[in-house]
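Before any comments, here is the structure.
The values are calculated or read from the model by the stated rules, or taken from the named source; none is laboratory data. As the structure is a computational prediction, the values presented were derived from the model and not from experiment. Every residue, glycine among them, receives a Cβ derived from its backbone with ideal geometry; neighbour counts consider all protein chains shown.
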């Protein structure tokens with residue numbers, strides 16, 4: 001069964017996605033990050049410049065082909081025709097159709113955006129109603 005994890009209280013969601021992606025890649029995971037075009041564009045820029053000496057290579061699902069097949073991070077607007085199903089990071093407001101194909105789903109929730117927090121609570125209830133147990137990570141408690 002797919003593991004669902006909510007990471008609450010992220011002061012900078014896209015910054016947290018970059019840190020999470022770097023750590024996941026170090027552990028051999030491959031990621032699919034789903035969001036709308038504007039969010040994915042901003043995230044792409046940040047992934048190419050994680051630090052002054054570091055970047056996280058990625059491709060968009062729209063690029064397709066050989067690059068997509070070998071990319072450890074795929075940015076996509078939907079869950080169709082993806083090359084791998086290790087970790088899904090959901091940056092949308094809803095539970096994604098087909099999330100069950102992934103080993104892990106990660107939901108990242110803002111510390112300050114009340115609408116984001118409300119939408120996360122709705123997704124939480126949706127996963128619970130489907131019988132998934134959920135792991136909760138409060139980023140305020142991390143040191």
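Across the range 48-101, which residue is modelled with the highest pLDDT among those that are assigned to a helix (DSSP H, G or I) and over 30 Å from residue 125 (Cα atoms)? Here the residue is 70. Screening the range 70-84 for residues that are touching a strand residue (DSSP E or B) at 6+ places or on another chain (Cβ under 8 Å) and under 13 Å from residue 97 (Cα atoms) and picking the one that is surrounded by the most Cβ atoms within 10 Å (Cβ to Cβ) gives 79. Checked against (1) within 11 Å of the chain's Cα centre (by Cα); (2) buried (at least 20 other Cβ atoms within 10 Å of the Cβ), residue 5 passes all but condition (2). Annotation: residue 125 fulfils all but one of (1) surrounded by 14 or more Cβ atoms within 10 Å (Cβ to Cβ); (2) outside any loop (DSSP other than H, G, I, E, B); (3) modelled with pLDDT of 95 or more; the unmet one is (1). Filtering the range 1-16 to residues that are closer than 24 Å to residue 128 by Cβ and either in contact with a strand residue (DSSP E or B) (Cβ under 7 Å, 6 or more places away or on another chain) or assigned to a helix (DSSP H, G or I) (or both) leaves 2, 3, 4, 5, 6, 7, 8, 9, 10, 13, 16. Apart from one condition, residue 113 fits all of (1) in contact with a strand residue (DSSP E or B) (Cβ under 7 Å, 6 or more places away or on another chain); (2) within 14 Å of residue 8 (Cα to Cα); the exception is (1).
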